[in-house]
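Below is the structure I would like to discuss, written out as structure tokens.
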Amino acid sequence: MTLTHLNERGEASMVDVSDKQSSHREAIATGRIVMQPDTLKLLADGDMPKGDVLATARIAGIQAAKRTHELIPLCHALMLSKVAVDFELDIAGHCVRVKAFCRLEGRTGVEMEALTAVSVACLTLYDMCKAVDRGMEIMDVRLEHKSGGQSGVWERDTTVESSPLDTRETSLETPEPSDELNESPIQIRFFAELRERLGIEKLSVLPGHLSSPTLSALKEWIKSQVDTPEAMDQPRLLCAINHDMVQGDAALGAGDEVAFFPPVTGG
Amino acid sequence: MLRLGLVMKSPFSHLLPEADHGRQKIYVIAIQREPFDIGALYQRLVGEGHETGAVVSFVGRVRDFNESPEVTALTLEHYPGMTERALGDIVQQARDRWQINDAIIVHRIGYMTPGDDIVAVLVSTAHRHAAFEACAFIMDFLKTSAPFWKKEHTHGGAYWVRERESDLASLKRWEQQ
């Protein structure tokens, strides 16, 4: 048994997935947050001071799944094809049960995304309800199911479950629009002095989030994302699309790699 | 990575025609952190063919004065993928203009101190004029279009090196021809 996130010197290292077969991968994670019966009633009745608790926690869970690679150091950035976060109000167990489902076609598993979605959805539930109940407990965050990839299907052994999750599907599922999730983002890279001035090395954006699929619109979008937009206005800013230098405006497509950098000074 | 004696097969070698003598021409582009041995590169260049009558090599080095009078070190950065492609394009352009037998470009990246070699360009041809010109052409375009950036370190702090008008002016020589 070896830990794949450690190299031969025992240092942390990201696993190279370029040789892994792309396959259909799914993961389901669950967790629960235990609260006072009165808190649960307020939540069920929609009377929480901060408003629609479940809708907010669902969006938080979906967003967290999409940003897992920013939180977990050695986790790859994945293009999820589906994220769903479901809630079940368990009156008898005075808790909210959270279930996250993640799917993608890719080279690495999605269990970290599903676990992150559950964790952040639980934290958001805590945040939304803490004004009335500080003693809530987040419990039993765990993987239930994983499929795809070399290790095949993995299921939690339910015979040792103390309180198996109710398998009823709730009607709260709101998957992300799939056309957006299936589109490859434009990858943006910055080099040398420009990278230092922006304080950013890489960005990515879906073409649909630009005002038009052009280099000029991308520059405007970058300026709206950074603390030092004036760095993008240097007259000698150079640009390459997919490793080819471009001058003036140009059309961009999904999956393009766009790099911005100052004049070159090698040799 | 190029290590001495272990030369990377260029991904651009398919662009190059077979030598008239049936010999596969040597065509190396390497970007590496390690120092290079110019003698080993020369042997590599001339070792395989006898149609070469001239070799011109250029070595660029770190000097202790540039924009600041007391440069203590420099850091070189590149754009992986694009840099190799840009260098391949430059060599191809040189081949379109001159009868080049073999060519090697090795460019170092990372931290270097005054006296260290940065870049080596070696070109072999049948006659000397083509070798001189092709080597100068490759260096002129390397300095102005290959994505490398230098940061110079001094006792007073570090700064990114600015482009030089003289480097851009050097390109005009090739446009006029």
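A short reminder: the numbers here are calculations on the coordinates, not readings from a lab. Treat the numbers as computed from the prediction; the structure is a model and nothing was measured. Reconstructed Cβ throughout: ideal geometry from the backbone, glycine too, with neighbour counts over all protein chains shown.
Mean separation of Cα pairs under 8 Å and 6+ residues apart, divided by the residue count of chain B: what relative contact order is that in percent?
Reported relative contact order: 27 percent.
Which stretch or stretches of region A:124-153 have amide N atoms under 20 Å from the point lying 7 Å from residue A:63's Cα along the Cα→Cβ direction?
Within reach of a label on residue A:63: A:124-131.
Further question on the same structure: What percent do you get for the relative contact order of region B:119-163 when only Cα pairs under 8 Å and 6+ apart count?
So the answer I get is 22 percent.
In addition: Would you tally the net charge around residue B:122, using a Cβ to Cβ cut-off of less than 9 Å, leaving residue B:122 out, and scoring K and R as +1, D and E as -1?
Here the count lands on 0.
OK, next. Using θ = phi - 60° and the Karplus relation 6.51 cos²θ - 1.76 cosθ + 1.60, list the HN-Hα couplings for region B:104-112 in order, rounded to whole Hz, with x at every Gly or Pro.
For region B:104-112, the Karplus curve yields 9, 10, 10, 10, 8, 10, x, 8, 9 Hz.
Something else: Given R₀ = 22 Å, FRET efficiency for residue A:17-residue B:32 by Cβ-Cβ distance, to 0.05?
Efficiency computed from Cβ-Cβ geometry: 0.30.
Then there is this: Sort A:58, B:97, B:85 by Cβ crowding within 10 Å, fewest neighbours at the top.
Arranged by neighbour count, lowest to highest, A:58, B:97, B:85 become B:97, B:85, A:58.
Additional query: Can you compute 3J(HN,Hα) from phi for each residue in region B:153-159, using the Karplus curve 6.51 cos²θ - 1.76 cosθ + 1.60 with θ = phi - 60°, rounded to whole Hz and x for Gly and Pro?
Running phi through 6.51 cos²θ - 1.76 cosθ + 1.60 with θ = phi - 60° gives 10, 10, 4, x, x, 10, 8 Hz.
List the lysines whose alpha-carbon lies under 26 Å from that of residue A:202, not counting same-chain residues fewer than 8 positions away?
Candidates past the 8-residue exclusion: A:20, A:66, A:82, A:219, A:223, B:143, B:150, B:151.
Between region B:70-144 and region B:147-169, how far is it from one alpha carbon centroid to the other, in angstrom?
18 Å
Here is a follow-up. What FRET efficiency comes out for residue A:183 versus residue A:224 if R0 is 22 angstrom and r is the Cβ-Cβ distance? Round to the nearest 0.05.
The calculated FRET efficiency here is 0.65.
Follow-up. Residue A:155 to residue A:77: FRET efficiency via 1/(1 + (r/R0)^6), r the Cβ-Cβ distance, R0 30 Å, to the nearest 0.05?
With a Förster radius of 30 Å, E is 0.65.
Same structure again: Do the sum for chain B: with -39,500 (n - 2.57) for every DSSP H run of n ≥ 4, divided by all residues, what is the mean residue ellipticity at 222 nm, to the nearest 500 deg cm²/dmol?
Using -39500 (n - 2.57) per qualifying helix, the result is -10000 deg cm²/dmol.
Measuring from label point to label point, each 7 Å out along Cα→Cβ, what is the residue A:47 to residue B:128 span in nm?
Those two pseudo-labels are separated by 9.9 nm.
Quick check: residue separation of residue A:234 and residue A:212 times 0.36 nm, minus the Cα distance between them. What number comes out in nm?
5.7 nm
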